[in-house]
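What follows is one structure encoded as structure tokens, with my remarks underneath.
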Amino acid sequence: RRVARGPRPPQLAMGFMALFKKKEPKDLVREWQTKIRTEMRGVDRQIRDITREEKGVQKSIKDCAKREDLRSMRVLAKEIVSSRKTVARLHENKAQMNSVSMMLTEQLATVRSVGHLEKSTEVLSAMNLLTRNAAVRDSMREMSKEMAKSGLIEEIVNDALEDIHGVDDLEGETEAEVNKILAELAGEVTVSLPASEKTKVAPVAAPKETEPQGETQGVPINDLQARLDAIRAVEEAS
């Protein structure tokens with residue numbers, strides 16, 4: 001014998017309807033902007049962490065300079081070169097996300113006037129760059145899928161593409177970048193330079209003084225050259 005079932009509770013019915021109900025364009029835009037702001041705060045935290053770590057590396061370079069540990073100084077200087085490039089990329093990511101957020105604000109005005117989102121090649125281009133950046137790839141890919149479903153952009157297919165920035169080849173960094181950092185942090189210490197630049201790394205913003213020809217900061221040039229050759233010989237031998 002079949003038992004007659006009563007009507008579903010209105011709360012349960014409304015819950016099912018909300019589950020399958022299509023979100024309003026303005027609600028989608030606001031959700032995306034909230035996610036973008038969250039990602040931007042995460043980028044700010046990464047920048048602060050890297051900057052704090054760099055200060056520790058700078059102190060280590062100065063300590064190595066007191067011991068005239070040239071090899072360690074140069075290794076640490078390369079770390080700073082890498083970290084500064086990373087920070088520059090993070091700032092670039094943040095600017096790109098902020099640009100997307102502003103374009104979404106423009107879409108809100110479009111929704112108010114025509115009632116739906118309009119396809120945007122500018123948003124597509126910006127999201128394509130963000131989805132190919134390892135720092136924010138996952139969250140931006142998920143958002144781009146939502147945007148594609150809403151009709152705002154075309155579907156992005158770039159799973160096979162590598163990070164647009166790739167991996168830094170620190171061995172290929174120019175000596176000028178490393179020497180500049182060493183000059184900023186330990187300019188008074190003689191460091192090894194390429195044969196084409198057999199000069200002392202001068203301290204940044206050092207006070208200008210009139211000195212007798214043939215001497216530099218009270219140390220004869222011949223003595224400086226001798227120290228330079230000795231340090232280079234030790235580095236090559238090790």
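The values are calculated or read from the model by the stated rules, or taken from the named source; none is laboratory data. Predicted model only: the values in this text are computed from it and were never measured. As a convention, Cβ positions derive from the backbone with ideal geometry for all residues, glycine included, and neighbour counts pool all protein chains shown. Just so you know, the surface numbers come from the protein's heavy atoms only, side chains and all, with ligands and any DNA or RNA stripped out. Shrake-Rupley method; radii C 1.70, N 1.55, O 1.52, S 1.80 Å.
Among the candidates VAL111, VAL100, VAL57, VAL75, which residue alone is aliphatic (A, V, I, L, M) and open to solvent by 50 Å² or more (accessible area, probe 1.4 Å)? Reasoning before the result, please.
Working: VAL111 fails: open to solvent by 50 Å² or more (accessible area, probe 1.4 Å); VAL100 fails: open to solvent by 50 Å² or more (accessible area, probe 1.4 Å); VAL57 fails: open to solvent by 50 Å² or more (accessible area, probe 1.4 Å).
Selected residue: VAL75, the only one of VAL111, VAL100, VAL57, VAL75 that is aliphatic (A, V, I, L, M) and open to solvent by 50 Å² or more (accessible area, probe 1.4 Å).
Checking each residue in segment 128-146 for being over 14 Å from LEU28 (Cβ atoms) and not small (Gly, Ala, Ser) picks out ASN128, LEU129, LEU130, THR131, ARG132, ASN133, VAL136, ARG137, ASP138, MET140, ARG141.
So, in segment 118-139, exactly how many residues are open to solvent by 20 Å² or more (accessible area, probe 1.4 Å), within 15 Å of GLU154 (Cβ to Cβ) and aliphatic (A, V, I, L, M)?
2
Listed by first and then second residue, the pairs linking a residue in segment 121-145 that is without any contact (Cβ under 8 Å) to a residue 24 or more places away in the chain to a residue that is among the basic types (Lys, Arg) and part of a helix (DSSP H, G or I), with Cβ atoms under 9 Å apart and 6 or more places separating them unless they lie on different chains, are GLU142/LYS35.
Against the definition (modelled with pLDDT of 90 or more and in a helix (DSSP H, G or I)), how does ALA18 come out, yes or no?
Details: modelled with pLDDT of 90 or more: no; in a helix (DSSP H, G or I): yes.
No; evaluated as a whole, the condition is false for this residue.
Answer yes if at least one residue in segment 185-200 is within 30 Å of ILE36 (Cβ to Cβ) and at pLDDT below 85, and no otherwise. No, segment 185-200 has no match at all.
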